[in-house]
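See below for the structure under consideration.
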Amino acid sequence: MLHTDEKICTHFGEDPSKTFGSVTPPIYQTSLFAFQSFKEFTEAQALERENYVYSRGVNPTVEVLEKKLAALERGEKCKCFGSGMGAISAVFFSLLKSGDHVLFINNIYGPTTQLAEHLQKFNISYSSIGHDLTSLDAAIQDNTKLIYVESPGTMLMNVLDLQAVARKAKEKGIITAIDNTWSTPLFQKPLTLGFDLSIHSLTKYIGGHSDVVGGAVIGSYDLVDKIFTYGYQLNGSVLSPNDAFLIIRGLRTLPIRLKQHQENALKVVEYLQTKEEIARIYHPSLEKNKPFLQKQMKGFTGLLSFELKQADFATVCRFIDGLSLFKIGVSWGGYESLVNAPVKANNEEALQEQGLSPGLIRLSIGLEGSEIQIQDLESAFQQL
Ligand SMILES: Cc1ncc(COP(=O)(O)O)c(C=O)c1O
């Protein structure tokens, strides 16, 4: 039977006939699995990534989620982690060695570049280019081992031609990894475009309810195997069976939630376009001039940003404090609308050096309904 994404999110990877007909997978809340004989135990231990031995290895509840995510990404194998950063660190620690170079493309999530800075201690270097790929060739070094991208980025939502990046990397024998959290595998499947690894913070849309932290890496058996030993078992960023259960529950409604996030976000973008206080809006739905986009993305989620013309800390404070439905906080991708901004009391110049306007405001458009979201934004504009 054909596995549609909706079928994968709901039923795939589960077998109620083995669990008393239970329509939800049991939470195997156990740290270890006991064996009938010592011989059986030693055999299972010899291949720990295939057998239930210890929950800092393979756990049946977590495995259900891993099967679903691998299928959604059209990858061979998935490993889940205790957080998105756990997944990202696992990729870096498993695949890089002293002397290697990492090339970042596009605005990258801050802690990911912080991790790369830390790895300089181990003689692993990195450099970054923006989203314009004309400098890609020149940026690749003889020792570039990994090209790491975000598309869309999560501050200015810039999109990259992923097939072009993957093609160039393959020519040079470089591994490619993407943080695919913005799109989720429902709206973008980077492995089908030639990427080697797709990474997620499951904390965002996939969990979807702002009640769990988790991460995942999906790719070929070979690459995920390497990551299993060094990046997962030895780094130890484990997803608990309880959290896997919550994420499986989140996944069941992901298709329907994303439709609603998208519908609300498009209405909010339309509204923001009417506001003369705004200098620029960032959402991939506005990038109609990029011909690769239609082939690459099936939809748009609800994370967007815009720049106020009056770009200073005090104005941003006034706008944000004028909101009441949008909650002030980090993260994004949950059911609730959120607002955040990179500006602080004394960092306006530093932001400008990074190419970010001090008037930049980021919204995560939740599920409340565009009418009241727009009403709330309108009252904040009145505060200006
Ligand atoms: C784009 C992106 N990638 C990765 C992460 C890290 O995920 P986690 O917070 O689950 O470690 C985040 C968190 O905000 C993020 O925004």
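Points to keep in mind about this one:
- Seen against the Cα atoms of the chain and their longest principal axis, helix 370-383 is set at about 50 degrees.
- Take every Cα pair under 8 Å whose residues are at least 6 apart in sequence, average their separation, divide by the length of the chain, and the relative contact order is 16 percent.
- Cα-Cα over 18 Å, subset of K68/K170; K275/K344; K7/K67: K68/K170; K275/K344
- The phi-based Karplus calculation (6.51 cos²θ - 1.76 cosθ + 1.60; θ = phi - 60°) puts the 3J(HN,Hα) values of region 323-331 at 8, 10, 5, 6, 8, 8, x, 7, 6 Hz, whole numbers, x for Gly and Pro.
- Residue among F20, F300, F41 with the largest mean-square fluctuation in a Gaussian network model of the chain, springs linking Cα atoms under 10 Å: F20
- Considering only G236, G21, G84, the Gaussian network model of the chain with Cα springs below 10 Å gives its largest mean-square fluctuation to G21.
- Coupling constants for region 300-311 follow from the phi torsions by the Karplus curve (6.51 cos²θ - 1.76 cosθ + 1.60, θ = phi - 60°), and in residue order they are 10, 8, x, 9, 8, 9, 8, 10, 6, 5, 7, 9 Hz; glycine and proline get x.
- Per residue, the solvent-accessible area of region 95-195 (1.4 Å probe, heavy atoms of protein chains only, all protein chains present) comes to 38 Å².
- Helix 60-73 vs. the chain, principal-axis angle (Cα, 0 to 90°, nearest 10): 60
- Residue-wise HN-Hα couplings along region 151-165, as the Karplus relation 6.51 cos²θ - 1.76 cosθ + 1.60 with θ = phi - 60° gives them from phi, are 7, x, x, 10, 10, 10, 6, 5, 10, 10, 7, 5, 5, 5, 5 Hz; Gly and Pro carry x.
- Shape of region 102-236, Cα gyration tensor, a/c cut at 1.5: rounded
- Dividing the helix sum by the residues of the chain, where each DSSP H run of 4 or more adds -39500 (n - 2.57), gives a mean residue ellipticity at 222 nm of -10500 deg cm²/dmol.
- Using Cβ point charges alone (K and R +1, D and E -1), the dipole size of the chain about the Cα centre works out to roughly 620 debye.
- Degrees between helix 254-272 axis and first principal axis of the chain (Cα, 0 to 90, nearest 10): 10
- Value in Å of the Kirkwood radius, where region 268-384 supplies the Cα pairs that are averaged: 14.9
The values are calculated or read from the model by the stated rules, or taken from the named source; none is laboratory data. Worth saying up front: this structure is predicted, and the values here are computed from it rather than measured. All Cβ positions, even for glycine, are placed from backbone atoms using ideal geometry, and neighbour counts span all protein chains on display. Keep in mind that these areas ignore ligands, DNA and RNA; they rest on the heavy atoms of the full protein, side chains included. Shrake-Rupley method; radii C 1.70, N 1.55, O 1.52, S 1.80 Å.
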